Amino acid sequence: MNNSGDRSKDFTRRAFVVGAFQGMALAVLGGRLAWLQLAEGGRYKTLSDKNRINTKMTAPSRGEIVDRFGVPLAINNQNFRILIIPEQTNDLAESLQKLTNLIDIDDRRIKAVIEKSKRSASFVPMEVADNLNWDEVAKIEVSLDDLPGMSIDEGEVRSYPFAESTGHLIGYVGAVSKTDLNGDPVLTLPGFKIGKTGIEKSFDKELRGQAGNKQMEVNVRGREVRELEEDASLDGKRVSLSVDAELQRYCQERLAEHKSASAVIMDSKTGAVYAMASQPGFDPNLFTKGISAEQWEALMANPAFPLNNKAISGQYPPGSTFKMITALAALEGGFSTPNTKVSCKGRYEYGKDRFHCWKLSGHGNMSITSALMRSCDTYFYQLATEVGIDNITVMAKRFGLGEKYGFDLHEERAGLMPTKEWKLGRYGQTWRPGETIVSSIGQGYLLATPLQLAVMTSRLINGGKAVKPWLVGYVDDKKMYPDQWPSIGIKQSYLDLMKEGTDRVTNHKEGTAYDARIIDEGMEMGGKTGTAQVKKINRADRARGIMNEDLAWKYRHHALFVGYAPLDNPRYVVSVIVEHGGGGSAVAAPIARDLLLETQKRNPAISDIKLSNVIEKPKQYV
């Protein structure tokens, strides 16, 4: 009996110990659970959400670029693309190889994605392919479970409805490079594009917009299940230009008749640029969709340099279009009067040097207006020897030559208006009188862009107002262009003489551009022809019968013309340069005539650039 009682006591004691131990264990476990739930609950909920929720940045829609009437020049089209997040796939190369079974992907593209993944954070999405069609999207969507880390993204691709007509003007967008990174997170988005040239580059910040964020619920394979929350992106701003899209198209098509040419049409009163074309052009859509190696090589090998915007970066001797500047420098400096006459015998002798007029038989007695009308070189040779190069350059700069305007396109170049000091500093040589003589007719060291020649002409016929050119009228509702322009301080009587001379150039039977005149009543134009020599034809060449047209294309003269219309109340100005085109009267003047006539018929100045007046986008341009 006693043994039985002892065993009962031992069992009770053991049960108590075990129970106490279990109770303590449960208490510790309960306490730990309470600690995790109450004290650490928020932390672990966050960790859990991170495994369940994928937060990603969303790209903003790039702002549109439109013309003065609201016609779209740069828009966004729907674009489906496939993205991959390297850290969500065990073998990136294998995943990409699986994708090639569904859609066509170049081996070079696969290698490029793999190489980029080595340089980027593994959690950053990378673009594998874009511009997918519906069939390709459907195939990929069905197979996403077998494509870890991949997803279909609906984005936008930039499109340029006017293609080559606005390539130089609008520019194009391209991939972000390392040098473009500036801390803006939107630049890290896969496949994000920024402006590379033209307005796209100059106003990239305004057009770009700001990125948003989107929280997506994902499954264990990383596939998106549903959207939980979104902080919407901020779309880029709309940029309204001064150009008339149809006039721009017409201008580009008119220049396309020549191998290399450029033209600018602008408002002499406001500075608005209505058209700016450079031939040959290029299609900016090639760059947004991916230009092939063959297409790139063709552009680079073209001797006419299609990627250069010659209207603002082409620098040419202004030729006889510069003669008005020489005349004004002489008049204002008191070296000549409106009644000054010069006898042209076909040549001008200065010391031992002889300078020929383009008409070897001579023009006879010339006044300032008749010298402009018939483009007599001798008249300006004689004025220049008295005026001097420094005075001529001072006058040229007052008319906008040899300077940048802070224009809306970064490709703008300054040209060159030389001085004695410039030559000494540049070449270590003193200036020679003969260099002044050739400068008087726009040759020698002088260089100007088509845009500068348009500005020069505007200031000549707008009463001497220091108008400057502009392209961007509004960014959203913010006005970008000035209302008034200061005076450059030239006597109106002198400007009237220049207008009389340039009127005769086109409307007098002896004028150098009479055959290219506008015959439509009320739309007549004035202007000045110019021929800029590229390679000098010396006396020996002439003796052998060698003429400009006998030279190789790259050595032939440039053809120039600056003009304005209508005569009674000049508003529209044009400058035209045909590279190696020959004579200005036969080649450049007819183009200028057609452009001024078309501009007057369209009369773009009647439409002020205001967003309230922007019309609905025509369907044919979308």
Ranked packing of 113-120, 466-473, 258-265, most packed first, by mean Cβ within 10 Å: 258-265, 466-473, 113-120
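Taking R0 as 41 Å, what FRET efficiency do you get between residue 135 and residue 213 from their Cβ-Cβ distance, rounded to the nearest 0.05?
With a Förster radius of 41 Å, E is 0.85.
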- prompt: Hey, how many Å between the Cα centroid of the stretch 288-302 and the Cα centroid of the stretch 489-522?
  reply: 45 Å
task: Answer with a single label: of (i) 86, 57, 48; (ii) 158, 54, 50; (iii) 74, 62, 49, which was calculated as Cα extents along the principal axes in Å from the structure in view?
output: (ii)
- prompt: Relative contact order for the chain: what is it in percent, counting Cα pairs under 8 Å that are at least 6 residues apart?
  reply: 14 percent
query: How much area per residue is accessible in the chain when the probe is 1.4 Å and only protein heavy atoms are counted (Å²)?
result: 49 Å²
- prompt: For the chain, what does -39500 (n - 2.57) per DSSP helix run (n ≥ 4), summed and divided by total residues, give at 222 nm, in deg cm²/dmol to the nearest 500?
  reply: -10500 deg cm²/dmol
Integer Hz, Karplus 6.51/-1.76/1.60 couplings in order for the stretch 258-271, x for Gly and Pro: 10, 5, 8, 7, 8, 7, 9, 10, 9, 8, 5, 8, 9, x
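With r defined as the distance between the Cβ atoms of residue 349 and residue 298 and R0 fixed at 56 Å, what FRET efficiency is calculated, to the nearest 0.05?
Working: r = 51 Å, r/R0 = 0.91.
So the FRET efficiency works out to roughly 0.65.
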- request: Could you calculate the FRET efficiency of residue 91 with residue 552 from 1/(1 + (r/R0)^6), where r is the beta carbon distance between them and R0 is 60 Å, rounded to 0.05?
  value: 0.50
- line: The simple spin-label model distance between residue 33 and residue 361, using points 7 Å out along Cα→Cβ, in nm, is 11.8 nm
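Compute the signed sum of charges (Lys and Arg +1, Asp and Glu -1) over the other residues within less than 12 Å, Cβ to Cβ, of residue 243. Provide the component values of the computation, followed by the final result.
Details: positive: 68, 249, 602; negative: 67, 244, 246, 267, 408.
The answer is -2.
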- line: Summed over the other residues with a beta carbon less than 12 angstrom from that of residue 410, with K and R at +1 and D and E at -1, the charge totals -1
query: Tell me, in nm to one decimal, what length is gained between residue 478 and residue 181 on full extension, where the rule is 0.36 nm per residue of separation less the Cα-Cα distance?
result: 104.2 nm
- prompt: Counting pairs of alpha carbon atoms under 8 Å apart in space and at least six apart in sequence, what relative contact order in percent does the stretch 138-284 give?
  reply: 23 percent
task: Please state the charge dipole magnitude for the stretch 245-605, taken about the Cα centre, from unit charges on C-beta atoms (+1 on K and R, -1 on D and E), reported in debye and rounded to the nearest 20.
output: 1100 debye
query: Where does each of 410, 557 land when they are ordered by accessible area, with a 1.4 Å probe and the largest first?
result: 410, 557
- request: Could you order 80, 561, 21 by accessible surface area, starting with the largest, using a probe radius of 1.4 Å?
  value: 21, 80, 561
query: What is the stretch 245-605's relative contact order, in percent, from Cα pairs under 8 angstrom and six or more apart in sequence?
result: 20 percent
query: Are any of the pairs 118/178; 193/404; 352/423 more than 18 Å apart by Cα-Cα distance, and if so, which?
result: 193/404; 352/423
- prompt: Roughly how many Å is it from the Cα centre of the stretch 425-444 to that of the stretch 343-409, as a whole number?
  reply: 13 Å
query: Within a Cβ distance under 12 Å of residue 182, other residues only, what is the Lys/Arg minus Asp/Glu net charge?
result: 0
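The values are calculated or read from the model by the stated rules, or taken from the named source; none is laboratory data. Remember, predicted model here, so these are calculated numbers, not experimental data. Virtual Cβ from ideal backbone geometry, glycine too; neighbours counted across all protein chains shown. Heavy atoms of the whole protein, side chains included, go into the accessibility calculation; ligands, DNA and RNA do not. Shrake-Rupley method; radii C 1.70, N 1.55, O 1.52, S 1.80 Å.
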